[in-house]
Amino acid sequence: MAVLLVVLYHADVPGVTGGYVGVDVFFVISGFLITAALVAEAEREGRIALARFYGRRMRRLLPAAVIVMVFTVLLARVALPVSQVQSLVRDTFFAAVYGINYHLAAEGVEYQNATAPPSALQHFWSLSVEEQFYVFWPLLIVLALVLGRQRRFRTVMVVAISVVSAGTLLASVLQTPENTSLAYFSIHTRAWELGAGALLALTAHRLALPDRARVLLAWGGMAAIVATAFLYTERTLYPGWAAIVPVAGAVALLAAGTGGTVPSMQRFLGHGAMQYMGKVSYAWYLWHWPLLVLLPAWVGYELGWGYRVEIVFLAFWAAVLTYFVEDAAARHSLTLRGWLAAGSGMSAVAVLTALGILVTLPNVVGTGVARQDVFATDVTSVQQELRASLSLAAVPRNLDPELTRISDDYPATTAAGCHLDLRDVRQGTCLFGDPEGAEVMVLVGDSHAEQWFPALDAEARANGYQLYSLTKSACPIASIGTVYSNDLKREYSECDTWRSELGERVRSLDADVLVSSQADAVPWDTVSDTEWARGTVSALRDMAGPDTSVVYLGDTPAAQADPETCLQENVERAAACAFDESGSFPFPERRGAVQASVTSAGWTYVDTLPFFCRESSGECPMVVNNIVQPRDSTGHMTATYSAWLAPVLAPLFQEQS
């Protein structure tokens, strides 16, 4: 049931919106089985053979895991663009040493990484959690055995596990709203789920349940697991409190089967098909995700859920074949020392294969003629370059930024800590431009405002302006109340805090010019276009002084494909990556509503669309001359392109001087 829910969820089967709870069921089962086996050994022999335990874990887990890792990097080599293969090689190293969960947590913390494609080895995070559990859990049992001796061993174990479980559950509840990524992937927020199974293993011998209670526990537990799989969604704040329901369901289901049976449940879970799925569930879990990620990339387009279900069945047959390897490893008569050596060797094979792929990757550069630097002077010159670039054949060999660094081409304010991430609310001085300038310009907004910093900074230095850059990820300046963060899976309270302090900060700077922009799609459909426009004007009016000139830069178009991926796959035909402005704005009328409100307030509205797309056709090239225009597929431009547009924004400074 656990693996079935996970694979159906990953296949995007309609309705199974919370199938990720299957991983929690895995954890409960692991805690139950491992603890039961170790406690039985401790009571039977008065000790635990740690080396034998770790050798068994290697024999059980490593053969299938290494096969899948090697296959994944080999298939990725032909299915993914070079930059994604390079990223996967890093993931392979972390997966091989069972540390990918914290690697993913660190990557997921950054809002700027939100648009990055998922790793084909991302699912190894749960194996890392279990392996980390296997490292310290036997040591805890050994300690309990020493402290409690044989007679009070179980009592000491129950107390120790209860403390660990309560502490990690508390950590999960507290950390989930603050850092969802870290809470989701970490052992210190997941150990309580394994601990719940462990506590059941220690107390199962005391359960004396009547048949009716067993039936209620069994079907009630199953109902809790299945219900959460269909009722939870991507917006559920998870794990936190929400994880208690599927964990409790798994514990109840296991408890119902200890010391007795539930015939009705036995007929269901004991069916031959269910038993066989359970037997190959580990390998099925390993295979399904790489195939779901890599096969669509190989064919070149996204697949619907029907095709994804077929991929899941393909993964099942791969798991059946892999099970023969698992079974052979389980029956192999290697000594413990032999398995420890073999385990290290197998992990090394995965890492060396990934490194071999890395060193054989081609140096991806443009093959086209190097383009002469052409400087934008006004909108007309930009339009001319856009028109010429739409017929561009091969990617220029002097492409800027390089093909493998497009997604990293952020404004300098990101590295300087002046563009705040989701959880940050404190901003430094963030003074740029000409620090001794006589005029003051302030840039405020979200990342769609920050992207204009390179252009504004160049002109601020040229025109004697101090430039303060005060921006925050996914935090609109519009006064529309608290917005919901899909990344945090909760209300974005940090945005409210920052905005309340931003107004006072901007007023204290007594700006000559206040420049702002924001992503129109951030609140999605929770507000009307009119409410968004009014909220924008209201917020800017609150920040602007009586003599402040206000300039609003209209939102920028979003490419329909990831530029780094598209250009690497179309090195010989760069024009194939051009996109159309008609599909670039989820709420196309919102830009017009903002423009009307800003101009009605007597301020300057800059229509930025002609900076990116041809006015006559609406076509938007990804490469303009030798510069990459979009940084990602969510409406951000590269810092290089922003700097190129600097002369186009020169009138904003000259009109105020």
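Every number here is computed from the coordinates shown, using simple stated rules; none is lab data. Just so it is clear, the structure is predicted and the values come from calculations on it, not from any experiment. Ideal geometry is used to build each Cβ from the backbone, glycine not excepted, and the neighbour counts take in all protein chains shown.
Modelled label positions at Ala227 and Ala462, each set 7 Å beyond Cα in the direction of Cβ, lie 6.5 nm from each other.
Just the C-alpha atoms of the range 2-358: what Rg/Rh do they give, with Rh taken as the Kirkwood radius? Intermediate results must be reported in sequence, preceding the final value.
Working: Rg = 20.4 Å, Rh = 21.3 Å.
Answer for the range 2-358: 0.96.
The range 190-234 and the range 501-558 have their alpha-carbon centroids 51 Å apart. Seen from every direction in turn and averaged, the convex hull around the alpha carbons of the range 347-481 projects onto 14.0 nm². Across every pair of non-identical alpha carbons in the range 379-654, the mean reciprocal distance, once inverted, gives a Kirkwood radius of 18.9 Å. Counting beta carbons within 10 Å around each of Glu564, Glu501, Glu107 and listing the fewest first gives the order Glu501, Glu107, Glu564.
For Asp446, the residues whose modelled amide H falls within less than 5 Å of its own, excluding neighbours fewer than 5 places apart on the same chain, are Lys472, Ile477, Ser517, Ala519.
Could you compute the FRET efficiency for Val359 and Asp211, with r as their C-beta to C-beta distance and R0 at 51 Å, rounded to 0.05? Given R0 = 51 Å and the Cβ-Cβ separation, E is 0.20. The overall shape of the range 127-190, judged from the alpha-carbon gyration tensor, is oblate: a/c is not under 1.5, and a/b is no greater than b/c. Placing pseudo-labels 7 Å out from each Cα toward the beta carbon at Phe313 and Ala412 gives an inter-label distance of 5.8 nm. Helix 124-148 and the longest principal axis of the Cα set of the chain meet at an angle near 50°. Using Cα atoms only, what is the angle between the long axis of helix 493-509 and the major principal axis of the chain, expressed in degrees (0 to 90) to the nearest 10? For helix 493-509, the angle is close to 30 degrees.
Nearest-5 percent of antiparallel DSSP beta bridges in the chain?
Values: 10 of 33 bridges.
For the chain, the DSSP antiparallel bridge percentage is about 30.
Tell me, in nm to one decimal, what length is gained between Asp327 and Gln560 on full extension, where the rule is 0.36 nm per residue of separation less the Cα-Cα distance? Please report the intermediate quantities before stating the final value.
Working: separation 233, 0.36 × 233 = 83.88 nm, distance 4.63 nm.
Value of the extension gain: 79.3 nm.
Scanning residues 5 or more positions from Val624 or on other chains, those with amide H under 5 Å from its amide H are Gln629, with H placed 1.01 Å from N in the peptide plane.
Summary of the geometry: the range 418-468 and the range 563-578, compared by the centres of their Cα atoms, lie 32 Å apart.
Under 5 Å between amide hydrogens, built in the peptide plane, is the criterion, and for Glu439 it picks out Gln466 among residues at least 5 positions away or on other chains.
For the range 46-52, putting each phi into the Karplus relation 6.51 cos²θ - 1.76 cosθ + 1.60 with θ = phi - 60° gives couplings of x, 7, 10, 7, 4, 4, 5 Hz, in residue order, rounded to whole numbers and with x for Gly and Pro.
What's the angle, to the nearest 10 degrees (0 to 90), between helix 529-543's Cα axis and the longest principal axis of the chain? Helix 529-543 and the main axis of the chain meet at about 70 degrees. Between Leu147 and Glu43, residue separation times 0.36 nm minus the direct Cα-Cα distance comes to 36.0 nm.
Exposure proxy for Ile187, Ile161: other Cβ atoms within 10 Å of each Cβ, ordered fewest to most, give Ile187, Ile161. Here the 3J(HN,Hα) profile of the range 629-638, calculated from phi with Karplus coefficients 6.51, -1.76 and 1.60 at θ = phi - 60°, is 7, x, 8, 8, 9, 10, x, 9, 9, 6 Hz, Gly and Pro shown as x. Note on the range 218-257: the C-alpha convex hull projects to 2.5 nm² when averaged across all orientations. In a DSSP loop and with at most 14 other Cβ atoms within 10 Å, the GluC sites (Glu not before Pro) in the range 289-327 are Glu302. Taking only DSSP H segments of four or more residues, each worth -39500 (n - 2.57), what value at 222 nm results for the chain once the sum is divided by all its residues, to the nearest 500 deg cm²/dmol? So the helix-based figure for the chain works out to -18500 deg cm²/dmol. Considering only C-alpha atoms, what is the centroid distance from the range 47-106 to the range 599-657, in Å? Cα centroid to Cα centroid, the span is 43 Å.
Arrange the following residues from fewest to most other Cβ atoms within 10 Å of their Cβ: Lys279, Lys472, Lys489. Kindly include the intermediate steps, with their values, before the conclusion.
On the way: Lys279 15, Lys472 29, Lys489 19.
With the sparsest Cβ surroundings first, the list reads Lys279, Lys489, Lys472.
Given in Å, the Rg to one decimal and the Dmax to the nearest whole number for the Cα atoms of the chain are 28.6, 87.
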